[in-house]
Amino acid sequence: MRYHRAMTIHDDGQSLFKRLERLERGDSVPLVDALDALPWNRDGLLPAIAQQFDTGTVLMMAWMNAESVARTLVAAGKGTLAADEMFPTIKKRFNSINHDSTEENRRSYRELLFTTPGIEKFISGVILFDETIRQAAQDGRSFSEVLAQNGIIPGIKVDKGAKDLAGFLGEKITEGLDGLRDRLIEYRGLGARFSKWRAVITIGKGIPTQYCIDANAHALARYAALSQQEGLVPIVEPEVLMDGDHDIERCEEVTAATLKTVFSQLFEHRVAFEAMLLKPNMVLSGKECSEQADVVKVAESTVNCFRRFVPAAVPGLVFLSGGQSSELATEHLNAMNALGKHPWELSFSYGRALQEHALKAWKGDAANISEAQKVLYHRAKCNGAARFGEYSKEMEVAAT
C-alpha cells in the first residue's frame, strides 16, 4: 500500500499517518497497522480524498466502506494459504515424511512457509490455527507480525471441528459456537483480520439430509454474523466432500442445495455479502466414481452452479482443493478463469495443494528449507497464473 498524503483527525492514527508522510520511497508499514489507524465512522465509512501526487490538486472526495477490505484477499493474481491444520491432520502429514509432530517442529514448519521469499506476490492472506497464531518466528516476531509486515493478511480458523451429527448416521455438524464471540475478540487482538469456519456435507446413500444441511448452514451464518460484528471478514466454507462414488451431476445437485440453504441463512442472519468470502468445493466427480469428469466439464459445471446460487455482491470465491492433486487443483482453477469474466473473483484457498510438494522437499531437515521454499513459491506462482487463466503445464516442466 502506498500513501502519498493522509488527512485524518483520528487520534489513534494521527502519529502513524504523520510517519507515513515522512517515509522514503520503498519504505512500508504493516498493512494491519494502517487499516486499524483509519478513521471509520459509526456507519463503517471512511472519508477518502484523491489528490494529484505532484501538485496536491484534489481530484475527488468519496466515502469508502470497510467491506472493501475483503477484496484485498482476492486481489488479482493472489489467493490464500490455508495453514490451519488441526493436530490430527498435521500429524498425518508429518508422518508422511517420518517427522514428529511436536510443537517446535510445527512452529519451524510454519515459519518456513510464512518466510518464503517473494510469496507475497501470490499470497494475500494466510489462515492460521489457534496454536500457530500464538507462535513466533525465531527472531521473536509473532507469526501475525511476520505476515502483516510482508503485506499478507493474517486470518484464523475459529471452528472446533466436525463431529458426528446425533441421530444422523454418516453426517457431521461443526461445533464451536459456544464462546465464539470472546475468541473472535481475542484473535483480533492477536492480529487476525479475517476468520474461517468449515462445515462438511457428505454424499452417500440417503445423505445428505436436509436437516444436516440446515444445521450446518445455520452455524455458518451465526459464525459469519459474529465475525462481522467483531470486525473480522468471515470466510464461509460449506464443503461438499468428494469422497464417494457419485458422479459429477450428483455433486452439482448437492452443492446447489447446500449453497441455496447457506445463503438463505446468511441473509436471515443479516450478514453483509460484500464483507465476506465463500470457500466452496468445486463441482467434481466422487473420488471412487468410475467416470471422472474432465477439466473443462468441472470448470463449466462449477461456474454454472455458482452463478445460480451465489450473489454477485460476494467479492470472491476462494476454492478449496478438497483432496485433488496439487496440479489438478491448479488446472481446474485455471479453466474456470479461462471461461471469461464472472460476477465474483475466482481465487484459491489451498492447504495441502500448496504445501504438499514443499513438505516433501523439506523432510523435516533445516538444511532443506531453501529448497522447500522454492517449491512452495513455484506452486503459489502457478496458482497466481491460474487466477488469470494463464497457467499451463509447461510451467511445471520449466520448474523441474
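Looking at (1) among the β-branched types (Val, Ile, Thr); (2) out of contact with any Lys or Arg (no Cβ under 8 Å at 6 or more places or on another chain); (3) over 26 Å from GLU104 (Cβ atoms), can you tell me which one VAL318 breaks? Answer for VAL318: the failing condition is (2). A count restricted to the stretch 317-347 and to residues that are among the small types (Gly, Ala, Ser) and buried (at least 24 other Cβ atoms within 10 Å of the Cβ) stands at 3.
Which residues, taken from the stretch 119-160, are more than 19 Å from ARG387 (Cα to Cα), surrounded by fewer than 21 Cβ atoms within 10 Å (Cβ to Cβ) and among the charged types (D, E, K, R)? Within the stretch 119-160, ASP130, GLU131, ARG134, ASP139, ARG141, GLU145, LYS160 qualify.
Looking only at the stretch 159-177, decide whether some residue is under 22 Å from GLY231 (Cβ atoms), out of contact with any Pro (no Cβ under 7 Å at 6 or more places or on another chain), basic (Lys, Arg) and in contact (Cβ under 8 Å) with a residue 12 or more places away in the chain. The answer is yes, given that some residue of the stretch 159-177 is under 22 Å from GLY231 (Cβ atoms), out of contact with any Pro (no Cβ under 7 Å at 6 or more places or on another chain), basic (Lys, Arg) and in contact (Cβ under 8 Å) with a residue 12 or more places away in the chain. Taking strands (runs of 3 or more DSSP E) as the structural unit, those lying wholly within the stretch 142-213 and holding at least 1 residues that are in the same structural domain as LEU81 (by TED's automatic domain parsing), more than 30 Å from LYS121 (Cβ to Cβ) and at pLDDT 95 or above correspond to 162-164, 172-174, 194-201. Evaluated against (1) part of a loop (DSSP other than H, G, I, E, B); (2) under 21 Å from the mean Cα position of the chain (by Cα), SER290 falls short on exactly one condition, (2). The helices (runs of 4 or more DSSP H) found entirely in the stretch 326-399 that carry 1 or more residues being touching a Ser or Thr at 6+ places or on another chain (Cβ under 8 Å) and under 20 Å from ILE90 (Cβ atoms) are 326-338, 352-362, 369-386. Being assigned by TED's automatic domain parsing to the domain that holds SER301 and touching a residue at least 60 places away in the same chain (Cβ under 8 Å) is a description that applies to ASP243. For the criterion of being surrounded by fewer than 16 Cβ atoms within 10 Å (Cβ to Cβ) and in contact with a strand residue (DSSP E or B) (Cβ under 9 Å, 6 or more places away or on another chain), GLU175 passes. Residues in the stretch 86-110 that are touching a strand residue (DSSP E or B) at 6+ places or on another chain (Cβ under 9 Å) and either β-branched (Val, Ile, Thr) or assigned to a loop (DSSP other than H, G, I, E, B) (or both): MET86 only.
The values are calculated or read from the model by the stated rules, or taken from the named source; none is laboratory data. The structure presented is a predicted model; accordingly, all values stated were derived computationally and were not measured. Quick reminder, even Gly has a Cβ in these numbers, built from the backbone with ideal geometry, and neighbours come from all protein chains shown.
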